[in-house]
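Below is one structure, written out as structure tokens; comments come after it.
The values are calculated or read from the model by the stated rules, or taken from the named source; none is laboratory data. These figures come from a predicted structure and were not determined experimentally. FYI the Cβ positions are ideal-geometry reconstructions off the backbone, even for glycines, and counts take in every protein chain you see.
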Amino acid sequence: MTDYGKEVQGLKDALSKANNEVEKLSRIKADFISVISHELRTPLTSIKESISLVLDGIAGPLNEEQKKFLTIAKNNIDRLAKLIIDILDLSKLESGRITMRKRKLNINELIKEVYASTKASAEQKNMEFSISLGESVEPTWFDPDRIGQVLRNLISNAIKFNKDNGKIKISSLKENINDRDFIRIIVEDNGIGIPPQDTENLFRNFSSLDASMTRKYGGAGLGLAISKGIIELHGGDIWVISEPDAGSKFIFTMPIYKKHEEFDFLLEEAIERSRHNDIKIALIVFKIKDAKDRIENVIAEVENTMKNTVRGPEDKIIRCKKGECVIIAGTDRPGAMAIIKRLKDAIKVPLLFGVSVHPTEAIDKEELIKKAEEDLESGRNSMVPQKILLIIDDEEALASMLSFRLKSLGFNTIAASDGEEGIELAKKNKPDLILLDLMMPKVDGFEVSKRLKKDPDTRHIPIVVFSALANKNTKESIEQLGAAGFIEKPFEPEDLLIKIEKVLEVKNG
């Protein structure tokens, strides 16, 4: 290596070392603030509860002057508690440790909730408070708690810096900026406004206009800085348009992700979360095994089943491309296999799957996708759901023993002790096959079969009849009902299993 090369390498090493030191110091600062915040909030909670006990009269009667001063103290405790929370949030934002639990929602619904919870505060000051929600606003990915925090902060400022009998309005709309769709949210008032020279620093830490404003209206200037950090973590922007004595418009945007963009966005976010929180991320790619099943209604059903089955707070389910669904889960490979096992019991079509885990198996997004797709296309990972068998027999002991045997052979069984219950279970569970006894009280097997074959939702389910009633007329009646098979009681378990497998083989083509 030349002297120049050695010098460049030395500078790179020094820069890397310096960056590591900065990250280390940032972590130390964040940990310190977290500990201090906790230590401050603990005694504050005790102080607040003590004052509340006295104010509520539990500790004895109070005169009006005592109530007045204790109320002032309680209000200032609340202010201090909020300041501590703001400092902690700001520290988390700066260190990249703040957690965002994004879900796909319509922000109009969140605006309605925030409006309902803050309306009373505006009305107490005789302010006109209204909302105007755009009908074209689409669902997008955001953390409702954090975006709710931004909205409440902007509304609080609009109330605080407004005039007597002022107006506040929240509006939403969809807009296109440089061929990208965004949601735009506006919180506007006709209050005191902001001088042009102050708007530049408004979203910086501890920048609440000038000192006289701080003394008059309170606040440490952290709310807008925190709001800016939250919005930027959502891929959006926030700014203000204002004139002195004419009011202010605080505006923020959030991107709307199209189907083909959602996957990249969610995976990049998951990997970033993995790096900051030192956790593993599993990418599980599913593909419907049989081409005949790769139709929209089947894919949608698989996707919905995944959403109802996989409920981790950080787990995301998304359609990747035709015939494929993806789970991005905060877990390792054993955790991913546990998810697959749960899905096996819930999904009714055969699937192929591929798994890759960051950072143990793949360092970046491209490698993670590549390895999961290679695992998928290898065809070695097949997820065939358990076949559901419905046993309808009033002999509960026999049904129980038969269910136990079939479960040991890999079937999922459900049982009904009479015909009516059997019909309801068939409609609800759509089993792959029904084992039906003929001689039952109230509704017998003949009637059960007739009803099931008349119903469009159950007529396709094959029925194997097993009965001690095995004369010629019975067999002819069974054929007329369209049963797929008949087993005479008592039967050998092996004979029943052979019959079941043959019927299922015919059904699956």
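Here is how the numbers come out for the structure above:
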{"quantity": "Residue match in the stretch 262-278 (condition: farther than 21 Å from Gly235 by Cα, out of contact with any Asp or Glu (no Cβ under 8 Å at 6 or more places or on another chain) and modelled with pLDDT of 85 or more)", "calculated": "no"}
{"quantity": "Selection count where residues are free of Cβ contacts under 8 Å to residues at least 40 places away in the same chain, within 22 Å of Lys387 (Cβ to Cβ) and assigned to a loop (DSSP other than H, G, I, E, B), scope the stretch 437-455", "calculated": "1"}
{"quantity": "Among (1) within 30 Å of Ile186 (Cα to Cα); (2) not in a loop (DSSP other than H, G, I, E, B) - the single one Lys287 does not satisfy", "calculated": "(1)"}
{"quantity": "Qualifying residues in the stretch 115-139 (those that are touching a helix residue (DSSP H, G or I) at 6+ places or on another chain (Cβ under 7 Å) and in a strand (DSSP E or B)) - the one surrounded by the most Cβ atoms within 10 Å (Cβ to Cβ)", "calculated": "Phe129"}
{"quantity": "Phe265 being in contact with a helix residue (DSSP H, G or I) (Cβ under 6 Å, 6 or more places away or on another chain) and either in a helix (DSSP H, G or I) or closer than 25 Å to Gly148 by Cα (or both)", "calculated": "no"}
{"quantity": "Some residue of the stretch 158-177 being polar (S, T, N, Q) and in a helix (DSSP H, G or I)", "calculated": "no"}
{"quantity": "Filter result for the condition that a residue is modelled with pLDDT under 70 and either surrounded by 15 or more Cβ atoms within 10 Å (Cβ to Cβ) or outside the structural domain of Ile327 (by TED's automatic domain parsing) (or both), over Ser91, Ser50", "calculated": "Ser91"}
{"quantity": "Test for Leu105: is it closer than 30 Å to Pro139 by Cα and modelled with pLDDT of 75 or more", "calculated": "yes"}
{"quantity": "Residue within the stretch 303-320 that is closer than 16 Å to Val384 by Cβ, at pLDDT 85 or above and not assigned by TED's automatic domain parsing to the domain that holds Lys428 present", "calculated": "yes"}
{"quantity": "Residue that is nearest to Arg204 (Cα to Cα), among those in the stretch 222-255 that are charged (D, E, K, R) and modelled with pLDDT of 90 or more", "calculated": "Lys228"}
{"quantity": "Residue within the stretch 110-132 that is free of Cβ contacts under 8 Å to residues at least 24 places away in the same chain, over 21 Å from Asn157 (Cβ atoms) and either in contact with a Cys (Cβ under 7 Å, 6 or more places away or on another chain) or not assigned by TED's automatic domain parsing to the domain that holds Ile317 (or both) present", "calculated": "no"}
{"quantity": "Yes/no for Leu154 being crowded, with 19+ Cβ neighbours inside 10 Å, in contact with a Leu (Cβ under 9 Å, 6 or more places away or on another chain) and either small (Gly, Ala, Ser) or in contact (Cβ under 8 Å) with a residue 12 or more places away in the chain (or both)", "calculated": "yes"}
{"quantity": "Subset tally (residues that are closer than 16 Å to Met439 by Cα and acidic (Asp, Glu)) for the stretch 477-492", "calculated": "1"}
{"quantity": "Candidate set: the stretch 471-509, residues that are surrounded by 15 or more Cβ atoms within 10 Å (Cβ to Cβ) and of a type in the set (Gly, Ala, Ser); chosen: the one modelled with the lowest pLDDT", "calculated": "Ser477"}
{"quantity": "Some residue of the stretch 24-31 being modelled with pLDDT under 65, of a type outside the set (Val, Ile, Thr) and loosely packed, with under 11 Cβ neighbours inside 10 Å", "calculated": "yes"}
{"quantity": "Residues (more than 22 Å from Val357 (Cα to Cα) and either among the charged types (D, E, K, R) or not assigned by TED's automatic domain parsing to the domain that holds Ser356 (or both)) located in the stretch 261-296", "calculated": "Lys289, Asp290, Lys292, Asp293, Arg294, Glu296"}
{"quantity": "Single residue of the stretch 359-414 satisfying the filter (hydroxyl-bearing (Ser, Thr, Tyr) and touching a Ser or Thr at 6+ places or on another chain (Cβ under 9 Å)) that is surrounded by the fewest Cβ atoms within 10 Å (Cβ to Cβ)", "calculated": "Ser403"}
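This table checks each residue for (1) closer than 30 Å to Ile295 by Cβ; (2) touching a helix residue (DSSP H, G or I) at 6+ places or on another chain (Cβ under 9 Å); (3) of a type outside the set (Lys, Arg).
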{"residue": "Ile340", "(1), (2), (3)": "yes, no, yes"}
{"residue": "Ala346", "(1), (2), (3)": "yes, yes, yes"}
{"residue": "Ser356", "(1), (2), (3)": "yes, yes, yes"}
{"residue": "Ser382", "(1), (2), (3)": "yes, no, yes"}
{"residue": "Pro385", "(1), (2), (3)": "yes, yes, yes"}
{"residue": "Leu390", "(1), (2), (3)": "yes, yes, yes"}
{"residue": "Met401", "(1), (2), (3)": "no, no, yes"}
